[in-house]
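Notes follow the structure.
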Amino acid sequence: MKPPANLGAFYYRQFLSKQGQGVYDRLHAQLQRADFSGQVPVAISQPETAASDSFAAFKALREDHPEYFFLGIRLRFFSPYSGQEGLLQYPILYTASQIRQIQHELRKTIFQMVRGTASLSEPEREALTYERIARRLSYVDRKDLSDHTVVGPVLFSSGVCEGYNALLLLCLRRLKIPCIKASGRAADQTAHCWTIAWLQGNPVHCDVTWDTGRDRRSGFRYFNVSDAQLAADHFNFQTEKLPRCITEQYNPYPIP
């Protein structure tokens, strides 16, 4: 699979129905305008799937755009008795002022993670940024939704896999490296997520969560690995939505 357009920022949109893509686009345009009303009109072309398509669109938007850290997860869909427009309601977790403050801290954090990389090769830029994130963060689950977004890593230097992944995605895209969120399960069958990045055009897995605390002396076992390497302890990730990761040339510390 060739690298996705727009650095992967609209990757999961392609798997939506036409109706779902319309909801995705309306919601994305609304958030780009900093409209935090918490509701978006839905143009209905297929009434029987309007609710499920809207929910799928919202999920895809959250998967593609970790910068929308302020989106909650409890949705409501209202379908009219007549007409062609419904309404999707979704929670906004912070006030407009809080969102602006967190966005400011997010920009500062991304700059800290990618600073000094402009003169490096693409693999070197990726490696240095990955190492900085791995060293910065601690795995902490405070049972708060912020642990599952970029807010935890930015404000508390901690979080769970979704938070780690959110920061890595935004940093890699700042470096112009295409990347997407990948999901699967750990050996104990708990849900888990990580990043697939296209390094020099080749897709590779990067699980910075499981490399936290490691340094170059011990090596990054989950950095730029193939499907075969990752499958040693990651499961249920090889689906038709994800590219096949074959190359192993970019990881000097492969999983034993």
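The values are calculated or read from the model by the stated rules, or taken from the named source; none is laboratory data. Given the structure is predicted, the values throughout are model-derived calculations rather than measurements. A quick note on method: Cβ atoms are made from the backbone with ideal geometry, for glycine too, and the neighbour counts reach across all protein chains shown. When the accessible area is computed, the model is the full protein with side chains, heavy atoms only, and any ligands, DNA or RNA have been set aside. Shrake-Rupley method; radii C 1.70, N 1.55, O 1.52, S 1.80 Å.
Search the range 15-38 for residues being among the basic types (Lys, Arg) and either in a helix (DSSP H, G or I) or touching an Asp or Glu at 6+ places or on another chain (Cβ under 8 Å) (or both), and hand back the single one that is least open to solvent (accessible area, probe 1.4 Å). The qualifying residue least open to solvent (accessible area, probe 1.4 Å) is Arg26. Scanning the range 242-256 for residues that are at pLDDT 95 or above and open to solvent by 40 Å² or more (accessible area, probe 1.4 Å) yields Arg244, Ile246. Selection of the range 221-248 for residues being of a type outside the set (A, V, I, L, M, F, W, C), touching a strand residue (DSSP E or B) at 6+ places or on another chain (Cβ under 6 Å) and part of a loop (DSSP other than H, G, I, E, B) yields Asn236, Pro243, Thr247.
Pairing residues of the range 1-30 that are at positive phi with residues that are open to solvent by 50 Å² or more (accessible area, probe 1.4 Å) and at pLDDT 95 or above, at Cβ distances under 7 Å and at least 6 apart in sequence or on separate chains, gives Leu7/Lys176. I'd like to check something: does the range 203-213 contain any residue that is under 26 Å from Ala118 (Cβ atoms), at pLDDT 95 or above and open to solvent by 10 Å² or more (accessible area, probe 1.4 Å)? Yes, there is a match, as at least one residue in the range 203-213 is under 26 Å from Ala118 (Cβ atoms), at pLDDT 95 or above and open to solvent by 10 Å² or more (accessible area, probe 1.4 Å).
Kindly establish whether Tyr12 is in contact with an Asp or Glu (Cβ under 7 Å, 6 or more places away or on another chain), at pLDDT 95 or above and among the aromatic types (Phe, Trp, Tyr). Yes; evaluated as a whole, the condition is true for this residue. Of all the residues in the range 86-128, those that are over 30 Å from Ala51 (Cβ atoms), open to solvent by less than 40 Å² (accessible area, probe 1.4 Å) and in a loop (DSSP other than H, G, I, E, B) number 1.
Looking at the range 163-192 only, could you name the residues that are surrounded by fewer than 20 Cβ atoms within 10 Å (Cβ to Cβ) and assigned to a strand (DSSP E or B)? Passing the criteria: Ser183, Gly184, Arg185, Ala186, Ala191.
When Arg185 is tested against (1) touching an Asp or Glu at 6+ places or on another chain (Cβ under 8 Å); (2) among the basic types (Lys, Arg); (3) over 16 Å from Glu126 (Cα atoms), only condition (1) is not met. Might you let me know whether the range 65-77 holds any residue that is closer than 25 Å to Ile180 by Cβ, among the small types (Gly, Ala, Ser), assigned to a helix (DSSP H, G or I) and out of contact with any Asp or Glu (no Cβ under 6 Å at 6 or more places or on another chain)? No, there is no match, as no residue in the range 65-77 is closer than 25 Å to Ile180 by Cβ, among the small types (Gly, Ala, Ser), assigned to a helix (DSSP H, G or I) and out of contact with any Asp or Glu (no Cβ under 6 Å at 6 or more places or on another chain). You will find that of Pro41, Pro66, Pro47, the residue that is open to solvent by 10 Å² or more (accessible area, probe 1.4 Å) and closer than 25 Å to Val150 by Cβ is Pro66 and no other. Looking at the range 3-18, is at least one residue aliphatic (A, V, I, L, M), in contact with a strand residue (DSSP E or B) (Cβ under 9 Å, 6 or more places away or on another chain) and farther than 30 Å from Arg135 by Cα? No, there is no match, as no residue in the range 3-18 is aliphatic (A, V, I, L, M), in contact with a strand residue (DSSP E or B) (Cβ under 9 Å, 6 or more places away or on another chain) and farther than 30 Å from Arg135 by Cα.
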